[in-house]
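Q: Could you have a look at this structure, given as structure tokens, before my questions?
The values are calculated or read from the model by the stated rules, or taken from the named source; none is laboratory data. The shown structure was predicted, so the numbers you read here are calculated from the model rather than taken from an experiment. Neighbour counts are summed over all protein chains in view; Cβ atoms, including those assigned to glycine, are modelled from backbone coordinates with ideal geometry. Accessible surface areas use protein heavy atoms only, side chains included; no ligands, DNA or RNA. Shrake-Rupley method; radii C 1.70, N 1.55, O 1.52, S 1.80 Å.
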Amino acid sequence: MNTENRAWQWIAHTILFLFSLSCLLPFLLLIMSSISDEKSILQNGYSFFPKQFSLSAYEYLWEQSSLIFNAYGITILITVVGTTASLIITSMLAYPLSRRDLPGGMFFAFLLFFTLLFNGGLVPTYLVYTQLLDIKNTIWALIVPGLLLNGFNTLLMRTFFMTTVPVPVLESASIDGASEFKMYYKIVLPLSLPILATVGLFQGLAYWNDWNNGLIYVTDPQLFSLQNVLNRIMSDIQFLASNGDLSASAGEKVAQLPSETFRMAIAVIAVIPILIAYPFFQKYFVRGMTIGAVKG
């Protein structure tokens, strides 16, 4: 019996190893393509073993280093501030909705669920942010739109609170004179690290990868996030490459710009910080998803 179980374990481990390897291969191909020669990619296509190595894409990125470093700072700022504020707002709404004795709880839960089905639309949203809140061309234009409560995250957190936080503990704290807010930050939050890490990872990825808010609400290059800067550089390269009115000397220089490899290099510098941060949240992320996904 032990031999049979050991054999099944080896088979399962082998399958999981191959599956993990298949997930890593695209990132390896991405990195190898970013350090390949542009002409080699155009002639031979993408390969795990490029015939000719070249760092021209990263050299071109280094020429834009001041703009990219500034964009990195903006992106890190909005990710940290936005994710923290989103966790606070989401948890403060999810906690009362998790209490079965909340007056009108079903009504408020319906309003929250309603936001998953409908939204106000782009034009009304733009008018609210630019005319009512007047946050256009400010750092808040990259933070505030993401603070609008995500109904899925709130319901996920509410379910976690309902299924994980023991009601007798809350009742005992209430009998001892603890206020609702004190129970929230003294009892509920310490017991909810898995779901906080899960929702925080969702929100962090959303802020890190966001380029739509910068495209709509920001025109000042000093406020561009990393995604907006990289998108602008890529657009400039494509514009120069497609412009037929360039002089002969300028045309030769444009032809040497690393278009394909530059796309790969952009993806590399954008995804590496997330790959570094994810292992620290993986344990909490898996637990938060499995517990928070239980219907309550």
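Q: Filter the stretch 196-229 down to residues that are in contact with a Phe, Trp or Tyr (Cβ under 7 Å, 6 or more places away or on another chain) and either surrounded by fewer than 22 Cβ atoms within 10 Å (Cβ to Cβ) or among the aliphatic types (A, V, I, L, M) (or both) and give me whichever is nearest to T83 (Cα to Cα).
A: Selected residue: L201.
Q: For the stretch 121-164, give me the residue count where each residue is on the phi > 0 side of the Ramachandran plot and among the polar types (S, T, N, Q).
A: So in the stretch 121-164, the residues on the phi > 0 side of the Ramachandran plot come out as 121, 134, 137.
Going one step further and asking which of them are among the polar types (S, T, N, Q), we end up with 137.
Qualifying residue count, the stretch 121-164: 1.
Q: With the structure loaded, tell me whether F160 is touching a Gly at 6+ places or on another chain (Cβ under 7 Å) and over 24 Å from Q222 (Cα atoms) or whether it fails that test.
A: Yes, satisfied.
Residues checked against (1) in contact with a Lys or Arg (Cβ under 7 Å, 6 or more places away or on another chain); (2) in contact (Cβ under 8 Å) with a residue 12 or more places away in the chain; (3) surrounded by fewer than 12 Cβ atoms within 10 Å (Cβ to Cβ); (4) among the basic types (K, R):
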{"residue": "I35", "(1), (2), (3), (4)": "no, yes, no, no"}
{"residue": "S40", "(1), (2), (3), (4)": "yes, yes, no, no"}
{"residue": "W62", "(1), (2), (3), (4)": "no, no, yes, no"}
{"residue": "I68", "(1), (2), (3), (4)": "no, yes, no, no"}
{"residue": "V80", "(1), (2), (3), (4)": "no, no, no, no"}
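Q: In addition: Are there any pairs with C-beta distances below 7 angstrom linking a residue in the stretch 97-118 that is farther than 16 Å from E180 by Cα and of a type outside the set (G, A, S) to a residue that is modelled with pLDDT of 80 or more and open to solvent by 90 Å² or more (accessible area, probe 1.4 Å), with the two at least 6 apart or on different chains, and if so which?
A: Every condition considered, the pairs that remain are L116/F152.
Q: Turning to a different aspect of this structure: With the structure loaded, tell me whether I41 is hydrophobic (A, V, I, L, M, F, W, C) and either over 16 Å from E260 (Cα atoms) or in contact with a strand residue (DSSP E or B) (Cβ under 8 Å, 6 or more places away or on another chain) (or both) or whether it fails that test. Explain how you work it out, then say what you get.
A: Numbers: hydrophobic (A, V, I, L, M, F, W, C): yes; either over 16 Å from E260 (Cα atoms) or in contact with a strand residue (DSSP E or B) (Cβ under 8 Å, 6 or more places away or on another chain) (or both): no.
No.
Q: State yes or no: is I31 surrounded by 10 or more Cβ atoms within 10 Å (Cβ to Cβ), closer than 16 Å to A267 by Cβ and touching a strand residue (DSSP E or B) at 6+ places or on another chain (Cβ under 8 Å)?
A: No: the conditions fail for I31.
Q: Further question: Restricting attention to the stretch 42-51, which residues are open to solvent by 100 Å² or more (accessible area, probe 1.4 Å), touching an Asp or Glu at 6+ places or on another chain (Cβ under 9 Å) and not in a helix (DSSP H, G or I)?
A: Y46, K51
Q: Here's a follow-up. Condition test on T14, is it among the hydroxyl-bearing types (S, T, Y) and open to solvent by 50 Å² or more (accessible area, probe 1.4 Å)?
A: Yes.
Q: Kindly indicate which of T138, T154 is at pLDDT 85 or above and surrounded by fewer than 18 Cβ atoms within 10 Å (Cβ to Cβ).
A: Values: T154 fails: surrounded by fewer than 18 Cβ atoms within 10 Å (Cβ to Cβ).
Matching residue, one of T138, T154: T138.
Q: Answer with yes or no whether A57 is among the small types (G, A, S), surrounded by 16 or more Cβ atoms within 10 Å (Cβ to Cβ) and either within 27 Å of the chain's Cα centre (by Cα) or part of a loop (DSSP other than H, G, I, E, B) (or both).
A: Yes: the conditions hold for A57.
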